[in-house]
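As structure tokens, the structure follows; a few thoughts come after it.
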Amino acid sequence: MRILVVGPGRSGTSWVTATLGSTPGAGFLLEPDNPGQSPFAARAAARMGFSPILGPDDPGPPGLRHLWDVAFGAPIRYVPGQQRIAVWLHSKSNEDERLRVTRAEDPKVSMRLRLAAALAVPRNLPADTRHRVVKSIRSQFMVEWISANWEPAVVVCRRHPLDVVASRMEMKYRPRPGGVAQAVRDEAKRRYGVEIPPTDDEVAAFAWGVGVQMSVLDDVLRANPQFHAIDHEELCRDPVGGFRSLATALGLDWTAENEAAVEASNRPGTGYELNRIATDLPDAWRRRLSADDARTAADAIAQFPIAARYDLEVSKSS
């Protein structure tokens, strides 16, 4: 079984992926398409921007096709030492250097990243993995391309957009080098008539990106009723019941061990840890964002169709 978990960064995608990928016979792969983390992804996504735009009938670049072939189980042969060198070279670059590779114009690929990309192979799971659960936070504009070519079950993670923004700010996310790709700006203008705000305010920029990503995924869900939507707020209210229902809907086995693991993760955690007090997460933006930042973010998101799904009232924010 192939399962693709998508959503904007900080929407619970890792939690969902790791939980589903821990069911019997399953394994999980986190962001094989992220050029900031994978040297092969940097090569596959060269000049395509952080969020490639591909329609169902597009052929797609050979490197990107190979990346997803391997993620979903295509056999691969490589020399382990070669991959270790590629990962080491990639790790010696900084984040800006890695992400500049994706620029549509003037990508500025350093020599060490060229070498890392030449040696690298796609991230992969053991060959005997029966159910492959793969997470992506950058495939909003190519979900239907992935679906058409590899036919995974698709799980779309949704979370209150202000909570997504607040979590990104708390994690000290930074704007990408070169800003938002022109292709994404053009797509947002074409679909929703919304232009990126002419400001250097990081809150406004993050919120604009979240509004685009969540609106696009909402469009995808409406066009593909066979896809599965999971709401972070509902999952936080009943993690065990929510995951049990999702696993059953996907055809995965759900065991007492899986249930115990979900219950055990309901404890304090920070950063990229998956441990959290679930009931503390919904509406956390009211504690995490200042009133001014919350209004800035709400104003940016309010321009997009996704705003109709959520309460963006900021008066209660501290």
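The values are calculated or read from the model by the stated rules, or taken from the named source; none is laboratory data. The structure displayed is predicted, hence computed values, not measured ones. Note that we place each Cβ from the backbone using ideal geometry, even for glycine, and neighbour counts take in every protein chain shown. Just so you know, the surface numbers come from the protein's heavy atoms only, side chains and all, with ligands and any DNA or RNA stripped out. Shrake-Rupley method; radii C 1.70, N 1.55, O 1.52, S 1.80 Å.
Filter segment 138-169 down to the residues that are aromatic (F, W, Y) and assigned to a helix (DSSP H, G or I), then identify the one that is surrounded by the most Cβ atoms within 10 Å (Cβ to Cβ).
Among those residues, the one meeting the criterion is W145.
Would you point out the residue of segment 287-298, among those that are in contact (Cβ under 8 Å) with a residue 60 or more places away in the chain and within 26 Å of V194 (Cα to Cα), that is nearest to the chain's Cα centre (by Cα)?
A297
How about segment 16-27: which of its residues are out of contact with any Lys or Arg (no Cβ under 6 Å at 6 or more places or on another chain) and closer than 22 Å to F141 by Cα?
Correct list: V16 only.
Any residue at all in segment 238-245 that's of a type outside the set (D, E), open to solvent by less than 50 Å² (accessible area, probe 1.4 Å), under 27 Å from A205 (Cβ atoms) and touching a Leu at 6+ places or on another chain (Cβ under 6 Å)?
Here is the first cut: in segment 238-245, the residues of a type outside the set (D, E) are 239-245.
Narrowing further to those that are open to solvent by less than 50 Å² (accessible area, probe 1.4 Å): 239-243.
Remaining after also requiring under 27 Å from A205 (Cβ atoms): none.
For segment 238-245, residues of a type outside the set (D, E), open to solvent by less than 50 Å² (accessible area, probe 1.4 Å), under 27 Å from A205 (Cβ atoms) and touching a Leu at 6+ places or on another chain (Cβ under 6 Å): absent.
Which one of these is open to solvent by 20 Å² or more (accessible area, probe 1.4 Å) and among the charged types (D, E, K, R): K172, K135?
Among K172, K135, only K172 is open to solvent by 20 Å² or more (accessible area, probe 1.4 Å) and among the charged types (D, E, K, R).
Answer yes if at least one residue in segment 186-204 is under 20 Å from K135 (Cα atoms), assigned to a helix (DSSP H, G or I) and open to solvent by less than 40 Å² (accessible area, probe 1.4 Å), and no otherwise.
The first filter runs over segment 186-204 and keeps only residues under 20 Å from K135 (Cα atoms), leaving none.
The answer is no, given that none of the residues of segment 186-204 is under 20 Å from K135 (Cα atoms), assigned to a helix (DSSP H, G or I) and open to solvent by less than 40 Å² (accessible area, probe 1.4 Å).
For segment 284-297, what are the residues that are open to solvent by less than 80 Å² (accessible area, probe 1.4 Å) and farther than 17 Å from R158 by Cβ? Give the derivation first.
Going residue by residue through segment 284-297, those that are open to solvent by less than 80 Å² (accessible area, probe 1.4 Å) are 284-286, 289-291, 293-294, 296-297.
Correct list: R286, L289, S290, A291, D293, A294, T296.
Take segment 253-274 and flag every residue that is open to solvent by less than 60 Å² (accessible area, probe 1.4 Å) and under 22 Å from the mean Cα position of the chain (by Cα).
V262, S265, G269, G271
Out of all the residues in segment 110-119, is one or more assigned to a loop (DSSP other than H, G, I, E, B), over 17 Å from E31 (Cβ atoms) and touching a residue at least 60 places away in the same chain (Cβ under 8 Å)?
no
What's the total number of residues in segment 211-265 that are of a type in the set (S, T, Y) and in contact with a helix residue (DSSP H, G or I) (Cβ under 9 Å, 6 or more places away or on another chain)? Let's see the steps before the verdict.
To start, the set of residues in segment 211-265 that are of a type in the set (S, T, Y) comprises 215, 245, 248, 255, 265.
When the remaining residues are screened for being in contact with a helix residue (DSSP H, G or I) (Cβ under 9 Å, 6 or more places away or on another chain), the result is 215, 265.
Looking only at that region, the number is 2.
Are there any pairs with C-beta distances below 6 angstrom linking a residue in segment 71-82 that is touching a residue at least 40 places away in the same chain (Cβ under 8 Å) to a residue that is in a helix (DSSP H, G or I) and surrounded by 10 or more Cβ atoms within 10 Å (Cβ to Cβ), with the two at least 6 apart or on different chains, and if so which?
Short answer, once both residue conditions are applied: F72/W150; I76/V70.
In this structure, does G63 turn out to be in contact with a Ser or Thr (Cβ under 9 Å, 6 or more places away or on another chain) and farther than 30 Å from A264 by Cα?
Details: in contact with a Ser or Thr (Cβ under 9 Å, 6 or more places away or on another chain): no; farther than 30 Å from A264 by Cα: yes.
The answer is no for G63.
Looking at segment 112-132, can you tell me whether even one residue there is open to solvent by 80 Å² or more (accessible area, probe 1.4 Å), closer than 24 Å to G49 by Cβ and of a type in the set (D, E, K, R)?
Looking for residues that are open to solvent by 80 Å² or more (accessible area, probe 1.4 Å), closer than 24 Å to G49 by Cβ and of a type in the set (D, E, K, R), one finds at least one in segment 112-132, hence yes.
So which of L250, L281, L235 ends up being buried (at least 17 other Cβ atoms within 10 Å of the Cβ) and more than 25 Å from G25 (Cα to Cα)?
Only one candidate qualifies: L281.
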